[in-house]
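What follows is a short report on a single structure.
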Amino acid sequence: MKRVAVFLDRDGVLNRAVVKNGQPHPPASIDEVEILSDAPEALRQLKEAGFVLIVVSNQPDVARGTTSKATVEEINVYLAKHMPVDRFIMCYHDSRDGCECRKPRPGMLLAGARDFDVDLASSYMVGDRWRDMEAGINAGCKTIFIDCNYNEKKPKIFDYKVKSLLSAVNIISKGNGDEKS
């Protein structure tokens, strides 16, 4: 029997995004990492419910030369010490690279699904940006948009809209709700 996963974006979902002029950015160093207050409890609940927890995150600043891969990995190790994440899958490319892993393409979700024998149609993608929602849709997952009210393009299609990760967990724990929020 296949497993069910919750795919999670990292910055803005597990840790606070660094917002400049209304635009979210990843932390540039471990010193800028602030775990969101509800994230450890939310992931603990999901893990106890039996979900595979896979973080899928675009990290284009590595390709742009403004952040090192080692810094991204250091942040992931720090987050993993505080939350029960099964795997971190990162895309280190920029949009110009045309890779299959960069969201909104579903490559990271498909890789995680292969690695953990996941049923994508029963799984969820939780994120705070339009690329997260489109990646989830492209992979065949249910989608939950955490609206952080960034000053950028909003997703047009998603299954649920919430204000926090804990609210997303409440939806996931109820299974397939009847209504879109």
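Bear in mind that the values in this text are calculations on the coordinates, not laboratory data. Nothing here was measured: the structure is a model prediction, and the numbers come from that model. Quick reminder, even Gly has a Cβ in these numbers, built from the backbone with ideal geometry, and neighbours come from all protein chains shown.
Between helix 39-48 and the chain there is an angle of about 40 degrees, using the helix long axis and the longest principal axis of the Cα atoms.
Considering only Ala17, Ala80, Ala139, the Gaussian network model of the chain with Cα springs below 10 Å gives its largest mean-square fluctuation to Ala80. Extents of the chain, largest first, come to 43, 33, 32 Å (Cα atoms, principal axes, whole angstrom).
For Arg96 and Asp147, the FRET efficiency from 1/(1 + (r/R0)^6), where r spans their Cβ atoms and R0 equals 41 Å, is about 0.90. If only the Cβ of Lys and Arg carry +1 and only the Cβ of Asp and Glu carry -1, the dipole of segment 5-174 around its Cα centre is close to 440 debye. Between Gln45 and Glu73, the modelled label-to-label distance comes to 3.4 nm, taking each label 7 Å out from Cα in the direction of the beta carbon. The region of the chain that goes longest without hitting one of the GluC sites (Glu not before Pro) in a DSSP loop, each with at most 15 other Cβ atoms within 10 Å, is 35-99. Helix 69-82 axis versus longest C-alpha principal axis of the chain: approximately 40°, rounded to the nearest ten.
Over 20 Å apart at the Cα level, from the set Lys2/Lys163; Lys81/Lys163; Lys69/Lys154; Lys2/Lys142; Lys103/Lys154; Lys81/Lys103, are Lys2/Lys163; Lys81/Lys163; Lys69/Lys154; Lys81/Lys103. Between Asp115 and Lys156, the FRET efficiency from the beta-carbon distance, with R0 = 22 Å, is close to 0.15. Let me have the 222 nm mean residue ellipticity of the chain computed from DSSP H runs of 4+ only, each contributing -39500 (n - 2.57), with the sum over all residues rounded to the nearest 500. That comes out to -9500 deg cm²/dmol.
Principal-axis analysis of the Cα atoms of the chain puts helix 130-139 at an angle of about 50° to the longest axis. Bridge orientation summary for the chain: considering DSSP beta bridges with both residues in this region, about 15 percent are antiparallel.
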